[in-house]
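Engineer: One structure, as structure tokens, below. Some questions next.
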Amino acid sequence: MRLRAAFSDLNLNGATPPRVQPRLGEWGPELVPSTGQKRRMRIWVGLVLLGAMLAIFGVGWYVYHAMTGSWGFGIGDDSGFFAPGALVGLLLA
């Protein structure tokens, strides 16, 4: 899938000829973002949301570790999936 196909058509003028398209400031507001600015903003918003979700997960994992002393997900437990004996047994089976 091409990157361009991931975005909707951000050009609101569509297929109208250039002679009938209003110039910015003539009929509408002057500080209207361009199509490229809208595309960049969509990418930045996605990256910021991903970073926020990772930060929330990291803080939650830190609080869990601080309260229980365990890293979670079976890490460090002798009975978990990541236990040394379990991994060796899984690889040799």
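The values are calculated or read from the model by the stated rules, or taken from the named source; none is laboratory data. Values in this document were obtained by computation on a predicted structure and should not be read as measured data. Cβ coordinates were reconstructed from backbone atoms using ideal geometry, including for glycine residues, and neighbour counts include every protein chain displayed.
Engineer: If you check residue 2 against the conditions, is it at pLDDT 70 or above, surrounded by fewer than 10 Cβ atoms within 10 Å (Cβ to Cβ) and of a type outside the set (A, V, I, L, M, F, W, C)?
Structural biologist: Criteria not met by residue 2.
Engineer: Further question on the same structure: What residue, among those in the range 28-39 that are polar (S, T, N, Q) and either surrounded by fewer than 10 Cβ atoms within 10 Å (Cβ to Cβ) or outside any loop (DSSP other than H, G, I, E, B) (or both), is modelled with the highest pLDDT?
Structural biologist: The selected residue is 37.
Engineer: Would you mention how many residues in the range 40-75 are of a type in the set (Val, Ile, Thr) and part of a loop (DSSP other than H, G, I, E, B)?
Structural biologist: Going through the range 40-75 one residue at a time, the tally reaches 1.
Engineer: Go through (1) in contact with a helix residue (DSSP H, G or I) (Cβ under 7 Å, 6 or more places away or on another chain); (2) at pLDDT below 75; (3) on the phi > 0 side of the Ramachandran plot and name the single condition residue 74 misses.
Structural biologist: (1)
Engineer: Could you figure out which of (1) hydroxyl-bearing (Ser, Thr, Tyr); (2) at pLDDT 85 or above; (3) exposed (fewer than 10 other Cβ atoms within 10 Å of the Cβ) isn't true of residue 8?
Structural biologist: It fails just one condition, (2).
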